[in-house]
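The values are calculated or read from the model by the stated rules, or taken from the named source; none is laboratory data. Predicted model, so just to flag it, every value in this text is computed and none were measured. In this analysis, Cβ positions are derived from the backbone assuming ideal geometry, glycine residues included, and neighbour counts consider all displayed protein chains.
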Amino acid sequence: GAGVSQTPSNKVTEKGKYVELRCDPISGHTALYWYRQSLGQGPEFLIYFQGTGAADDSGLPNDRFFAVRPEGSVSTLKIQRTERGDSAVYLCASSLTGLGDTQYFGPGTRLTVL
Amino acid sequence: SQQGEEDPQALSIQEGENATMNCSYKTSINNLQWYRQNSGRGLVHLILIRSNEREKHSGRLRVTLDTSKKSSSLLITASRAADTASYFCATTQGAQKLVFGQGTRLTINP
């Protein structure tokens, strides 16, 4: 079956603009995660959904970042008033239950803020 | 903030040799996972070891876990050029999020 997919694969925007990043998890996976990876670093957790609800959003850096998963499947990460420091690869992952099982990652979206 | 520390940060070996990477972490964990990443994009899950396990094998991979030392190692035997990648360990604690180390960049020379 299909793995986790993310769109777009690359996004270039200007400082101050709004962007949306999309994640399609593996079908049937109830848990969905967003991570951010800066160059030369490991991924850092942003937010975790269990079904439609955000179970843990402790990793969101500030209120410019917001994520939704309205039907418990596809998720959108939204960044308002982008800053150059937001440039990174944004990774999405899903897992079957969210109870400590394996997380499967998508290919990521590389965001560049000019 | 990141919990894990991988050691070494970079490793270069000849094809056919074994590669060993180490990971240390700071707090108690539920499980520890190893991932591979090519070209800075998607992570591929390699192996998961639970806190009550000490060793696990998968093909050419061998993972050990020592919870008393808060450390894990990943051994890749008979390395191949295709093993060239960055390798990350990641832990889960009470919460479900993964906490990653900074990774080891492995280069296999033909």
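Does segment B:10-24 contain at least one residue that is over 15 Å from A:Pro43 (Cβ atoms) and either within 10 Å of chain A (Cβ to nearest Cβ) or modelled with pLDDT under 90 (or both)?
no
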### Query
Any idea which residue in segment A:49-63 is farthest from the other protein chains (Cβ to nearest Cβ), counting only those that are within 17 Å of A:Ser87 (Cα to Cα) and crowded, with 16+ Cβ neighbours inside 10 Å?
A:Leu60
### Query
In this structure, is A:Gly85 surrounded by fewer than 20 Cβ atoms within 10 Å (Cβ to Cβ), of a type in the set (Gly, Ala, Ser) and modelled with pLDDT under 95?
no
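In segment B:26-82, which residues are β-branched (Val, Ile, Thr) and more than 22 Å from A:Tyr104 (Cα to Cα)?
The initial filter retains those residues of segment B:26-82 that are β-branched (Val, Ile, Thr), namely B:27, B:29, B:44, B:47, B:49, B:63-64, B:67, B:76-77.
Correct list: B:Thr27, B:Thr67, B:Thr77.
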### Message
Against the definition (out of contact with any strand residue (DSSP E or B) (no Cβ under 8 Å at 6 or more places or on another chain) and away from chain A (no Cβ under 14 Å)), how does B:Thr67 come out, yes or no?
### Response
yes
### Message
Suppose we filter B:Asn18, B:Asn31, B:Asn38 for residues that are in contact (Cβ under 8 Å) with a residue 40 or more places away in the chain, under 27 Å from A:Gln6 (Cβ atoms) and surrounded by fewer than 17 Cβ atoms within 10 Å (Cβ to Cβ); which single one remains?
### Response
B:Asn38
### B:Ile76 vs. criteria more than 30 Å from A:Ser87 (Cα to Cα), within 13 Å of chain A (Cβ to nearest Cβ) and β-branched (Val, Ile, Thr)
no
#### Entry: Where a residue in segment A:46-74 is outside any strand (DSSP E or B) and its partner, wherever it lies, is charged (D, E, K, R) and at pLDDT 95 or above, with Cβ under 6 Å and at least six apart
A:Thr52/A:Arg69; A:Arg64/A:Arg81; A:Val74/A:Asp24
